[in-house]
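For reference, the structure is listed below as structure tokens.
Each value in this text was obtained by applying a stated rule to the coordinates, not by laboratory testing. Because the structure is predicted, anything quoted here is derived from the model rather than measured. Note that each Cβ is placed from the backbone with ideal geometry, even for glycine, and that neighbours are counted across all protein chains shown.
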Amino acid sequence: MVIVMRADAPKQEIEKIKERVETGNRKVSVMEGRDYCVLGIIGDTTDIDVNEIEANEHVEKVMKVQQSYKLANRMFHLDNSVIRVRDKTIGGQDLAVIAGPCSVESEDQILNLARKVKECGATFLRGGAFKPRTSPYSFQGMKLEGLELLKLAREETGLPIVTEIMSADMIERFVEDVDVIQVGARNMQNFELLKELGRTRKSILLKRGLSATIEELLMSAEYIMSEGNSNVILCERGIRTFETYTRNTLDLSAVLAIKKLSHLPVIVDPSHAAGLWWMVEPLAKASVAVGADGIMIEVHNDPANAKCDGQQSIKPERFRALMEDITAMAGSIRRIV
């Protein structure tokens, strides 16, 4: 349930309604903007007398929220959320560009790529230290050593680092060392992990599951937010369909749907969606065109010999060309790169 207050409602009247409604297991979240104030009620609202609340002269209207997700719902937060990470933002006017290799392979590799993607205009550095793979015999990442190398790259370039967490027992370390904690597609519905991450205040990049609906993605975000962490960024990375030519099927309509349903920022990962390097650039541009708040691009200096996902990685020179095109696009879509 959502209570929309009149723009001129006194703060003491807002507080009175909040105290009146917030009983038992019910919680009230107050969202205030320049010209509005909304009270979002979470919990059992069956015993609330809607007519009585609407009779209050300071109440504009009362609306019931049909969706199961509340905190992630745009009805609870009319303005787009902006997530601040160090001196960067995701979800504002700036277009976030997260770039780097699928996995950290060596000190020379990650430092070299970090320098190059920053030079090209990337605002975040991605790199896998822990790698979830379909086969247990595939490269699983450098683990803690890889994490240390990512920190070294951040120290040299200033780029905030984005890397994937695999289990809840690593949360304390990730909170200390990582700027944006990525929850991969395979862990999107690892609810215990999501709840633990919700008890932190770290920025969480939540990837859509391989076969997850948009509502299921938003419900996973709700698990994080229900524990108090509102710093959630959603990521469309392609879904599994009957098509086998591409690795996944990029669902650009999800960007539009999520922005209508939710206030959370949404970025697109065209690398994992297509699985083919020559599709990455046009899909990245299309993602920006439909209003994504950012893109995540896999960049590798030697894709043919990459230990992970080389077939979907582009070389630094192609990434530079992509950034030039996106920068040229930015003005027409009111974005800054």
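Which residue, Gln312, Gln12, Gln189, tops the fluctuation ranking in a GNM of the chain built on C-alpha contacts under 10 Å? Evaluated over the chain, the most mobile residue of the options is Gln12.
What are the DSSP H helices in the chain that stretch 18 Å or more along their long axis, judged by alpha-carbon atoms, and whose average Kyte-Doolittle hydropathy comes to at least 0.0? Write out the running numbers ahead of the final one.
On the way: long enough: 107-120 (20 Å, -0.66); 144-157 (20 Å, -0.19); 277-289 (19 Å, 0.61); 316-330 (21 Å, -0.10).
Going by DSSP H runs, the hits are 277-289.
If you look at the Cα atoms of the range 83-333, you get an Rg and a Dmax of 16.4, 47 Å. Of all beta bridges that DSSP places with both ends in the chain, some 40 percent have antiparallel geometry.
Quick check: from the Cα gyration tensor, does the range 17-171 come out rounded (a/c under 1.5), prolate or oblate? Don't skip to the answer; put the middle values down first.
Details: a/c = 3.98, a/b = 2.31, b/c = 1.72.
It comes out prolate by the Cα gyration axes.
As a length-normalised measure over Cα pairs under 8 Å and 6 or more apart, the relative contact order of the range 2-64 settles at 47 percent. Per residue of the chain, the DSSP helices (runs of n ≥ 4 H) give a summed -39500 (n - 2.57) that works out to -10000 deg cm²/dmol at 222 nm. Taking the number of Cβ atoms within 10 Å of each Cβ as an exposure proxy, the fewest-first ranking of His58, His272, His300 is His58, His272, His300. The magnitude of the dipole of the range 74-194, with charges of +1 and -1 set on the Cβ of Lys/Arg and Asp/Glu and taken from the Cα centre, is near 400 debye. In plain terms, the C-alpha convex hull of the range 2-64 casts an average shadow of 3.8 nm² when viewed from every direction. Across the options Asn187, Val97, Cys308, the greatest Cα extent toward the positive end of the charge dipole of the chain (unit charges at beta carbon of Lys, Arg, Asp, Glu) belongs to Cys308. Under the criterion of Cα pairs below 8 Å and six or more residues apart, the relative contact order for the chain equals 16 percent.
Looking at the range 153-233, the GluC sites (Glu not before Pro) that sit in a DSSP loop and have at most 16 other Cβ atoms within 10 Å of their own Cβ are Glu227.
Quickly rank 283-292, 120-129 as a protection proxy: mean count of other C-beta atoms within 10 Å, highest first.
On the way: 283-292: 19.9, 120-129: 24.9.
Answer by packing, highest mean first, reads 120-129, 283-292.
Pairs from the table (Lys70/Lys131; Lys143/Lys285; Lys11/Lys195; Lys70/Lys207) lying more than 30 angstrom apart at Cα are Lys70/Lys131; Lys143/Lys285; Lys11/Lys195. Per residue, the Cα convex hull of the range 139-210 amounts to 95 Å³. Looking at the range 216-337, the pairs of alpha carbons with a distance over 23 Å make up 36% of the total.
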